[in-house]
Amino acid sequence: MENQASLKNIQTEQVPDFAYSKIILSELRQYLAVTECSPISIKIVLRGEERYRVENHNYRLSNNSYIIVNQGDQVETAVNSKETVNGLCIFPPIDLVNDVFSSYSIKSRRDPFDASVNDSFFTTHLRNLNQTNLGKYLNANLRSIIGNKEDSFDFLEFYIGIAEAMSVDQLGVEKMMAQLSATKRHTKEELFRRMMTVKDYIHDNQNNRLDLKQLSELSHLSKYHFLRSFKKIFRKSPYQYLLSLKIQKAEVLLKKGYSYNEITEMVGFSDVKNLRKAVGQRDRA
């Protein structure tokens, strides 16, 4: 496959006293590349779809989704599209990321003087720009990044913000994985990825009725193992999780002036009476 790609480094200057960094804005139609030892990076799709294989795990990135690739990972990138796929790849300075991650890791420990913290390691999984600290930080800065002028953007502050958001998100992931009973880290990470896949599916299909068989198949686990793992990570069953999403959406629509009758249909609730009761119980909680 002959590459049909435009790759442009839009970072106009390096960050003094830190390792190399860059921000690549891409326009791709046909593209295939393999990187045996990748630098740490954040892969973001703004429009279209890109496919990645990172350390033998496959990821399909579409609009407003991203993944974090760790330093040294093997990465395969593939795009095959009739329409132009727009993406952004951010390569932060690895020493800055390690420094910030180490600082946040030490703060989270009982002994703040225990400095025995490894270099940064981020659990690679599909993430949404609207649902994470890093995603929200990037959303707030994307326009400035892409429209950057020579002297109008502070790259050091930008990368510090990125490293801080990455660290906070990863510590949250660590807390969730700690709830799982598996002893090996790679097993916990695999279970976590599978539960996040199911969670994203629930978000994308919150007006539909949940099918336990379908969810367990999506996680490649038995029904029992799936239910147990999901509840350990999210502290709710899939049904309770879906209900909380519906109520949150209903509350937003109520503030916008929609009636209970309208909202019942919009959020896929069973009936108006049950919706009123659920919203009331949440308000009293």
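Here, each number is a calculation from the coordinates, and none is a lab measurement. Given the structure is predicted, the values throughout are model-derived calculations rather than measurements.
Using the structure shown, select from Lys184/Lys231; Lys82/Lys213; Lys213/Lys249 the pairs with a Cα to Cα distance greater than 29 angstrom. Result: Lys82/Lys213 exceed 29 Å.
Would you mind calculating the gained length between Glu13 and Leu254 on full extension (0.36 nm times residue separation, minus the Cα-Cα distance), in nm to one decimal? Write out the running numbers ahead of the final one.
Numbers: separation 241, 0.36 × 241 = 86.76 nm, distance 4.73 nm.
Taking 0.36 nm per residue and subtracting the Cα distance, the gain is 82.0 nm.
Once the chain from Glu27 to Gln71 is taken as fully extended at 0.36 nm per residue, the excess over their C-alpha distance is 13.4 nm. Phi-derived couplings, Karplus 6.51 cos²θ - 1.76 cosθ + 1.60 at θ = phi - 60°, listed residue by residue for segment 124-130: 6, 7, 5, 10, 10, 4, 8 Hz, with x used for Gly and Pro.
Projected onto their three principal axes, the Cα atoms of the chain cover extents of 60, 50, 39 Å, largest first.
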